[in-house]
Amino acid sequence: MIPKIIHQVWEGRTEPIPDFYLQLGETWKKHHPDWKYQLWNGDLMDAFVNEHYPQLSNAYFSFKYSVQRWDVIRYLILDKIGGIYADLDYECIHPADNYVSEKDKCYFAMEPEDHCIHFFKQNTFNNAFMASCPEHLFFKKIIDHIFFESQYAYTGNKVRDVHATTGPVMLTELYNNFPNKDDIVLFPEELVSPWTKLEARSVINGNADIPYLEKKLEKAFAIHYFFSLW
């Protein structure tokens, strides 16, 4: 089963966590009082890799972009420990327990349909919210692909390169070729990403159509604000 632990990541070497992120982190604690909560900083992340994946440490510390390490560490943590991973720009509005209760499954969040055009795909999912039991075969596949199989040629476009090497484009392509899709649950957007990036911005900026957006929360247990600070 998925261990009752929630992971969030903030390397913290260049700037402290914004207060808004800390407030959002509290929502996961509030709705999961019997779960452990772990915020991983840079020192903890480095120590984790060196202890549990020493064979990968040279490659891990050699990524072109820091955000690639931030992507990869979440895969390694869920592979080794399991639990829920949520980006710090995620708000929890209901407990996730009943949504991630299937044995031997892993879970990912679909991108809102309006976002998929940016990935040049009809449908895609991201790594902003994930859950898994330890040593799930799909996470093993992700790690093997990143460190041993990928032959991606960098284009110089940071966003495109990150998405293709460690992010949503890479994940979606691996999923499309994965033989045991029944072991992977893709949460529809109404559960985990009920608002688009533009809609989330309208809430933050105070110019939202509140009744319309509140209706979009009827099925949701979490809200992604899509800050993308990297």
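The values are calculated or read from the model by the stated rules, or taken from the named source; none is laboratory data. Nothing here was measured: the structure is a model prediction, and the numbers come from that model. Note that each Cβ is placed from the backbone with ideal geometry, even for glycine, and that neighbours are counted across all protein chains shown.
Here is a yes/no grid of residues against (1) among the hydroxyl-bearing types (Ser, Thr, Tyr); (2) under 24 Å from Arg160 (Cβ atoms):
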{"site": "Asn176", "(1), (2)": "no, yes"}
{"site": "Ser202", "(1), (2)": "yes, no"}
{"site": "Asn207", "(1), (2)": "no, no"}
{"site": "Glu214", "(1), (2)": "no, no"}
{"site": "Ala220", "(1), (2)": "no, no"}
{"site": "Ile223", "(1), (2)": "no, no"}
- line: Taking segment 159-173 and the residues there that are of a type in the set (Val, Ile, Thr) and part of a helix (DSSP H, G or I), the one that is nearest to Val67 (Cα to Cα) would be Val162
- prompt: Could you list, in sequence order, the residues of segment 184-199 that are buried (at least 16 other Cβ atoms within 10 Å of the Cβ) and acidic (Asp, Glu)?
  reply: Glu189, Glu199
field: Subset tally (residues that are free of Cβ contacts under 8 Å to residues at least 12 places away in the same chain and under 19 Å from the mean Cα position of the chain (by Cα)) for segment 172-203
entry: 3
field: Of all residues making up segment 1-35, the number that are assigned to a strand (DSSP E or B) and of a type in the set (Val, Ile, Thr)
entry: 3
- prompt: Are there any pairs, at least 6 apart or on different chains, whose C-beta atoms fall under 8 Å, with the first in segment 39-58 and under 23 Å from Ile84 (Cβ atoms) and the second outside any helix (DSSP H, G or I) and of a type in the set (D, E, K, R), and if so, which?
  reply: Asn41/Glu11; Gly42/Glu11; Gly42/Arg13; Met45/Glu11
message: Based on this model, can you work out whether Val9 counts as in contact with a Lys or Arg (Cβ under 8 Å, 6 or more places away or on another chain), surrounded by 14 or more Cβ atoms within 10 Å (Cβ to Cβ), within 30 Å of Thr155 (Cβ to Cβ) and not acidic (Asp, Glu)?
response: yes
Conditions (1) modelled with pLDDT under 95; (2) in contact with a Leu (Cβ under 7 Å, 6 or more places away or on another chain): number failed by Lys121: (2)
- prompt: Within segment 174-199, can you find the residues that are over 16 Å from Asp87 (Cα atoms), in a helix (DSSP H, G or I) and not charged (D, E, K, R)?
  reply: Leu174, Tyr175, Asn176, Leu198
query: Mind checking which pairs have a first residue in segment 209-230 that is free of Cβ contacts under 8 Å to residues at least 40 places away in the same chain and a second that is surrounded by 11 or more Cβ atoms within 10 Å (Cβ to Cβ) and outside any strand (DSSP E or B), Cβ under 7 Å, 6 or more apart or different chains?
result: Leu213/Trp195; Leu213/Glu199; Leu213/Val203; Lys216/Pro194; Lys216/Trp195; Lys219/Glu190; Lys219/Leu191
- prompt: Does at least one position in segment 200-223 carry a residue that is crowded, with 18+ Cβ neighbours inside 10 Å, at pLDDT 90 or above and in a helix (DSSP H, G or I)?
  reply: yes
- request: Mind counting the residues in segment 134-158 that are in a helix (DSSP H, G or I), more than 17 Å from Ser57 (Cα to Cα) and acidic (Asp, Glu)?
  value: 0
